[in-house]
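Here's the structure, in structure tokens; my notes come after.
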Amino acid sequence: MDFSNKLVNWYQVNKRDLPWRNTVNAYFIWLSEIILQQTRVAQGMPYYLAFVKAFPKVEDLANASEDKVLKMWQGLGYYSRARNLHFTAKDIADNYKGKFPNDHQKILKLKGVGAYTAAAITSFAFEMPYAVVDGNVIRVLSRVFGVDIPYDTTLGKKHFAELAQELLLVENASTYNQAIMEFGAMQCKPKSPDCSVCPMQDFCLAYSKNTITELPVKSKKIKVKNRFLHFLMIEESGNVYLGKRKKGIWNGLYEFPFLEFDERLLEKQVMKNEKWSDIFKDSNTELLSVSSEFIHVLSHQKINAQFWHLKVNNVQLENFELIAKKNLLNYPVSRLTEKYFQAIELV
Ligand code: SF4
């Protein structure tokens with residue numbers, strides 16, 4: 001089978017010129033890989049360039065404050081990646097004298113680094129023979145080789161990992177790994193792959209059996225939970241209440257106090273609810289505006305958020321501090337809150 005060589009030939013002609021492909025600096029490669037997880041290249045590119053500029057060495061990232069790292073990450077989502085990035089930079093600065101480890105096992109032990117990222121770093125930076133397996137790779141392999149084992153099962157994970165490793169060009173691991181991912185992203189795309197100009201067409205089983213739209217196969221359907229959050233921008237004499245989140249997907253980010261419900265409520269229902277009374281029972285409240293809904297879809301949950309702008313006096317809120325409203329933009333916040341700021345032209 002000349003799959004692997006054809007792949008590399010295709011790559012030499014069709015590859016995009018991306019900045020992290022022009023380096024063997026393991027730190028830069030690691031940065032790019034973390035930024036690109038669950039993120040499109042076009043979206044991740046400015047973040048990568050900003051991080052490399054602000055933190056040219058891993059120690060620079062290690063020495064930055066968490067607020068600065070999260071602020072620079074703002075808008076990219078999945079903030080655990082930024083927290084792990086910061087943690088791992090400190091780990092490398094403290095325990096590896098600032099030199100990125102060049103050992104597969106040690107790289108795998110770094111926080112936020114899984115099998116895929118470890119294979120990417122070791123092959124791209126050090127030419128070690130570890131095959132990458134990500135969504136693009138799984139799609140290509142399942143179609144070309146007609147694999148219909150669900151990729152999210154133990155058996156499927158093992159099968160795709162072994163097949164990927166078998167096909168790896170050991171002497172050319174970096175280029176091969178880049179090639180198969182690029183091929184999945186640009187040629188064998190999830191929808192409407194352009195099979196008419198594909199070099200794999202002669203032996204692609206999905207093409208010959210007309211099963212392209214059925215592959216790859218996934219077993220689990222994730223149940224998505226709907227959450228209804230009402231964020232309260234409570235203003236007192238030009239100041240607003242803001243707190244730093246200590247857990248969950250927005251851990252480390254700043255947020256307004258909020259009320260959560262598991263169903264969509266009308267404004268008057270929210271204001272009659274005891275959660276509302278708990279906060280505002282002893283205060284004079286003037287409601288200035290309620291935003292329309294902002295939607296944020298994650299793998300396991302759909303967040304439906306509304307922002308309430310209120311003027312009050314005498315409100316008691318534990319774990320929130322009053323900060324000047326004009327300084328709000330200095331704090332790292334979720335994409336949802338950023339969208340609200342844009343909507344009210346705070347930015
Ligand atoms: S022939 Fe079509 S389905 Fe098969 S590898 Fe090429 S693009 Fe993908």
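Read-outs throughout are calculated quantities, based only on the coordinates presented, and are distinct from any laboratory measurement. Computed from a predicted structure; not experimentally measured. All Cβ positions, glycine included, derive from the backbone under ideal geometry; neighbour counts span all protein chains shown.
Things worth noting here:
- Between Leu266 and Glu286, the modelled labels are 2.6 nm apart [label points 7 Å from Cα along Cα→Cβ].
- Most fluctuating residue given options Lys53, Lys221, Lys157, as computed from a GNM of the chain linking Cα atoms under 10 Å: Lys221
- Residues of type lysines that Lys272 reaches as a straight line, Cα spacing below 21 Å, ignoring anything fewer than 8 places off in the same chain: Lys281, Lys311
- Theoretical FRET efficiency, 1/(1+(r/R0)^6), r = Cβ-Cβ of Lys220 and Asn9, R0 30 Å, to 0.05: 0.25
- Computed from Cα positions, the angle between helix 41-54 and the longest principal axis of the chain comes to roughly 80 degrees.
- When each of Lys220/Lys339; Lys57/Lys111; Lys71/Lys339 is checked by Cα-Cα distance, pairs over 20 Å: Lys220/Lys339
- Cα centroid separation - the stretch 102-167 against the stretch 277-316, whole Å: 44 Å
- For the stretch 225-343, alpha-carbon Rg relative to the globular expectation (2.2 N^0.38 Å, N residues): 1.02
- Take the Cα of Glu345, go 7 Å toward its beta carbon, and the backbone nitrogen atoms of the stretch 278-305 under 19 Å from that spot belong to 288-292.
- Axis of helix 135-144 versus longest Cα principal axis of the chain: the two differ by about 40°, to the nearest ten degrees.
- Only Cα pairs under 8 Å and 6+ residues apart enter the sum, and on that basis the relative contact order of the chain stands at 17 percent.
- Where only C-alpha atoms are counted, convex hull volume of the stretch 246-299 per residue in Å³: 137 Å³
- For the chain, the longest principal axis of the alpha carbon atoms and the long axis of helix 80-95 meet at an angle near 70°.
- Whole-number percent relative contact order across the stretch 225-343, with pairs defined as alpha carbons under 8 Å at least 6 apart: 37 percent
- With at most 14 other Cβ atoms within 10 Å, longest stretch of the chain clear of loop GluC sites (Glu not before Pro) (DSSP): 128-262
- Cross-link partners of Lys275 among aspartates and glutamates (Cα-Cα below 12 Å; sequence separation of 8 or more within a chain): Glu260
- Largest-first ellipsoid semi-axes for the stretch 161-261, taking √(5λ) over the Cα gyration tensor eigenvalues, angstrom: 48, 19, 14
- Residue order, fewest to most surrounding Cβ atoms within 10 angstrom, among Val290, Val133, Val297: Val297, Val290, Val133
- Only helices enter this figure: runs of n ≥ 4 DSSP H residues, each worth -39500 (n - 2.57), summed and divided by the residues of the chain, yield -12500 deg cm²/dmol at 222 nm to the nearest 500.
- Taking other residues whose beta carbon is less than 14 angstrom from the beta carbon of Gln316, and scoring Lys, Arg as +1 and Asp, Glu as -1, yields -4.
- Unit Cα scatterers, Debye sum, the stretch 92-174: log10 I(q)/I(0) for q = 0.12, 0.15, 0.26, 0.27 Å⁻¹: -0.40, -0.59, -1.25, -1.30
- Computed from the alpha carbon atoms alone, the convex hull of the chain holds 160 Å³ per residue.
- Here the stretch 3-214 is assigned +1 on the Cβ of each Lys and Arg and -1 on the Cβ of each Asp and Glu. Its dipole about the Cα centre then comes out at about 440 debye.
- Gained length - Ser299 relative to Asn273, 0.36 nm times residue gap less alpha-carbon distance: 6.4 nm
- The Glu66 and Ser196 beta-carbon pair, evaluated with R₀ = 41 Å, returns a calculated FRET efficiency of approximately 0.25.
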